[in-house]
Amino acid sequence: MLVNKVSDQIKKSKYISRDLSWLRFNYRVLDQARDTSRSIFDKLKFLAITSSNLDEFFMIRVGSLYNYIDYGKERLDYSGLRELPFRKKLLDYSHRFVNDQYLTYNNELKPDFEKYGFDVLMVGELTEIEQKKVDSYFKNTIFPLLTPMVFDNYHGFPLLMNQLLTFGVVTRTEEEQKAQDRLTFVQIPQNLARFYEINRKDKIVFVPIEEIVRWKIKKLFRNVEIVSVNLFRITRNGDFTLEESDDIDADFVQEIKSKLKTRKKGRVVRLEVERNPSAFMMKILKERWTIDNANVFTINSLMDLRGLWQIINHRQFRDKCFKHPSSVMPPSLPSDGVDLFQYLKDHDVLLHHPYNSMEPVVNLLERAAEDPYVLGIKQTIYRLADQSRVTAALLKAAENGKHVSVLFEVKARFDEERNLKEGDRLEKAGCFVIYGISKYKTHTKMLMIIRKEGEKVTRYVHIGSGNYNEQTARLYSDVSLLTTDEVYAHDVSEFFNVITGHSRPNEYKSLLTSPKAMRNQLIELIRNEARNAKKGLKSGIVIKINSLEDKEVMDEFYKASKAGVPIKLIVRGICCLRPGREDLSENIFVKSIVGEYLEHSRIYYFHNSGDPKVFSGSADIMVRSFDRRIEALFLILNEDLKREAMTILHYNLLDNQNSYIMREDGTYIKSRPAASEAAIDIHKVFYNRQIFENTDFELV
């Protein structure tokens, strides 16, 4: 009865639960691991990604839910459910997903390992000579790093690290047979390789490090009876910010921060444990961490599938996995050897990564660092590559006496330490560095190079949707603009003054910005389409984003749909809007694209009575994007570039190889071409520059 009541409540809501929508997105990623057209290494890659995604989901989203539960705060999910019923629904769905993850690994992927030249084996499956090698590795490398931590009447409960593989070992000695058993924890060091590798003539054998420790566990418990050895892994709450919570207040966040100083001490929200664990151990862990069976996930195979990256990235297999075509020049840039400083004076360039390389941006920055006519560089940085060429160029520019100002976002989740370190390097080199803006997260991506050219100063601007990260630019789909147009230059200069100083410009000519105005500006654009539809004029909206969650904008979409506006949304991940519901969203179509590249670009198209307004930039349609982040969307002014952006949207809508169509109930179905249709894979088609020559299409 309760299950039916919960299901009915979810169905009644005009919004989809953000968290349940996210889990459905991870199912679409898992679907890539089941794709029979992919190599085993591609399949393992996507399976590993689902594992990383799920870790972050528990740390942040489930962690956020527990902030409400643990501190007695009320929360109403978009589905209409309160905290505890929603917790049950969310964890039940998570259990189902984990079960499907391991069915995929055990039944669909692992049986194929051997024919691809590798295998994952237990110690008992090795030859005698191989076991001797493993024994030597244990003695010389693993054993010195292991630290047993007992919990009993004389020893307190140890602090167990987040997401590390851990053995819970139940022991007793002869004189204690009538007493209670003892529990000792042994954590696997995080700085050791996930697998020990053995090269055979016909294949590479990967031996899980935890199985080596299990094999030799008695070395840590001499003259003591081992009752049971149980592998487990915990995930702690990592959400101590306003960033992920829709209705949490700042004082409450400070309360949590004061009680939970670091992620290391966050409350446990998930316990993964192997089959048939010790009842004695489980009782202690559940009581200690205030969890129940809903938080416990039984793993019947390799725990922590993120470790598969060691196989995927192995030098012998690397070429079999990451096979991507060479990037092409963007339609707006005639050749690779063009002098950008000269070319950009008269032309704007739209880059579509990874099909267009990020090299023009990095090269321009590197040239600016050395160019004697460049006076200064201003840039926002959210995430950087390892050994970043961007940082190197900024350091060189500072060494050459140029004014360099950088806003480093130190609240970029899981990159906080890296950004602080890089910012410190730049500061020591003489750069002007700002570490974030009070309670806001700076998510916008902007670069401005100021260059003296004769009697005038030219400002070279780059603005886009992607990070200044050369590595992810080869894997993420993003859009960016290179320009010297004074309209952009003026607005970007003003915007830098806002985020680095104390300035409040009246308006921008080419930018929509948050946290102040972006939501209302987008709503006005939607309302304009609705007004045109009511007048009988042609109207339409096409938007490509990562996530759609803001209620105010969704309500405007619903109103526009009722007014007759055709709305097509390409939303990769979370989508809380219900498409195709009678008398609510009958004119709204939603699809998700998940495939070889991570769809990270944002493009907003509004028909505007035949004079389209097209924007791109860093912002999604989310509460955090509008209220808690510094974001910018730029209006594409150049007609040719506007058509390029519309072509990108056009082929995203045509794609039938990576697309999933969202249904009214929030589920998705894989798109398949009809018998008469050609197969269109955008992750291949965008390498063909000729598609941008076809202007014979309508988006709406």
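Here D620 fulfils each of the conditions (1) over 25 Å from T483 (Cβ atoms); (2) in contact (Cβ under 8 Å) with a residue 60 or more places away in the chain apart from (1).
Hey, among Q521, Q471, which residue is on the phi < 0 side of the Ramachandran plot and without any contact (Cβ under 8 Å) to a residue 24 or more places away in the chain?
Details: Q471 fails: without any contact (Cβ under 8 Å) to a residue 24 or more places away in the chain.
Selected residue: Q521, the only one of Q521, Q471 that is on the phi < 0 side of the Ramachandran plot and without any contact (Cβ under 8 Å) to a residue 24 or more places away in the chain.
Of all residues in region 571-589, those satisfying the criterion of being buried (at least 22 other Cβ atoms within 10 Å of the Cβ) and either aliphatic (A, V, I, L, M) or within 17 Å of D665 (Cβ to Cβ) (or both) are V571, I574, C575, C576, L577, R578, P579, S585, I588.
Of the residues making up region 368-398, those that are part of a loop (DSSP other than H, G, I, E, B), touching a residue at least 60 places away in the same chain (Cβ under 8 Å) and not basic (K, R) are D371, Y373, Y382, L384, A385, D386, S388.
Table: residues versus (1) touching a Gly at 6+ places or on another chain (Cβ under 8 Å); (2) in contact (Cβ under 8 Å) with a residue 12 or more places away in the chain.
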residue: K5; (1), (2): no, no
residue: Y15; (1), (2): no, yes
residue: T50; (1), (2): no, yes
residue: L54; (1), (2): no, yes
residue: M59; (1), (2): yes, yes
residue: D70; (1), (2): no, yes
residue: F86; (1), (2): no, yes
residue: Y93; (1), (2): no, yes
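Scanning region 288-302 for residues that are under 25 Å from K89 (Cβ atoms) and either surrounded by fewer than 17 Cβ atoms within 10 Å (Cβ to Cβ) or not β-branched (V, I, T) (or both) returns W289, T290, D292, N293, A294, N295, F297, T298, N300.
Here L481 clears all of (1) in contact with a Gly (Cβ under 6 Å, 6 or more places away or on another chain); (2) buried (at least 24 other Cβ atoms within 10 Å of the Cβ) except the condition numbered (1).
T171 fulfils the conditions (1) within 31 Å of the chain's Cα centre (by Cα); (2) assigned to a strand (DSSP E or B) except for a single criterion, (1).
For region 328-367, a tally of residues being under 27 Å from N419 (Cβ atoms), not aliphatic (A, V, I, L, M) and not in a loop (DSSP other than H, G, I, E, B) returns 7. A search for C-beta distances below 8 Å between a residue of region 529-553 that is assigned by TED's automatic domain parsing to the domain that holds S659 and β-branched (V, I, T) and any residue that is in a strand (DSSP E or B) and modelled with pLDDT under 95, counting only pairs 6+ apart in sequence or on different chains, returns nothing. Take the residues of region 207-226 that are surrounded by fewer than 16 Cβ atoms within 10 Å (Cβ to Cβ) and in contact (Cβ under 8 Å) with a residue 12 or more places away in the chain: which is nearest to V268 (Cα to Cα)? Looking at residues that are surrounded by fewer than 16 Cβ atoms within 10 Å (Cβ to Cβ) and in contact (Cβ under 8 Å) with a residue 12 or more places away in the chain, I get I226. Screening region 13-60 for residues that are under 20 Å from I545 (Cα atoms) and touching a Cys at 6+ places or on another chain (Cβ under 8 Å) and picking the one that is surrounded by the fewest Cβ atoms within 10 Å (Cβ to Cβ) gives Y15.
Tell me the residue from T173, T166 that is touching a residue at least 24 places away in the same chain (Cβ under 8 Å), on the phi < 0 side of the Ramachandran plot and surrounded by 14 or more Cβ atoms within 10 Å (Cβ to Cβ), please. Reasoning before the result, please.
Working: T173 fails: surrounded by 14 or more Cβ atoms within 10 Å (Cβ to Cβ).
From the options T173, T166, the qualifying one is T166.
Considered as a group, the residues in region 61-77 that are in a loop (DSSP other than H, G, I, E, B) and either surrounded by fewer than 17 Cβ atoms within 10 Å (Cβ to Cβ) or among the hydrophobic types (A, V, I, L, M, F, W, C) (or both) include one that is nearest to the chain's Cα centre (by Cα), and that residue is L76.
When L350, L308 are checked against the criterion of being at pLDDT 90 or above, of a type in the set (A, V, I, L, M), surrounded by 18 or more Cβ atoms within 10 Å (Cβ to Cβ) and in the same structural domain as G454 (by TED's automatic domain parsing), a single residue qualifies: L350. One residue stands out in region 138-162 among those that are among the aliphatic types (A, V, I, L, M) and in a loop (DSSP other than H, G, I, E, B): the one that is surrounded by the fewest Cβ atoms within 10 Å (Cβ to Cβ), namely L159.
Say we look at region 509-558 and pick out the residues that are part of a helix (DSSP H, G or I) and polar (S, T, N, Q); which of these is surrounded by the most Cβ atoms within 10 Å (Cβ to Cβ)? Ranking the candidates gives N532 first.
Step by step: first the residues of region 181-191, then only those that are at pLDDT below 95 and over 17 Å from P277 (Cα atoms), then the one that is surrounded by the fewest Cβ atoms within 10 Å (Cβ to Cβ). Which residue is that? Ranking the qualifying residues of region 181-191, first place goes to N191. For region 398-416, the tally of residues that are more than 18 Å from the chain's Cα centre (by Cα) and modelled with pLDDT under 70 stands at 0. Criterion applied to E453, E470 was being touching a helix residue (DSSP H, G or I) at 6+ places or on another chain (Cβ under 9 Å), under 24 Å from A392 (Cα atoms) and acidic (D, E), and the one residue passing it is E470.
The values are calculated or read from the model by the stated rules, or taken from the named source; none is laboratory data. Everything numeric here is computed off the predicted structure, so don't read it as measured data. Heads up, the Cβs are rebuilt from the backbone with ideal geometry, glycines too, and the neighbour counts pull from every protein chain shown.
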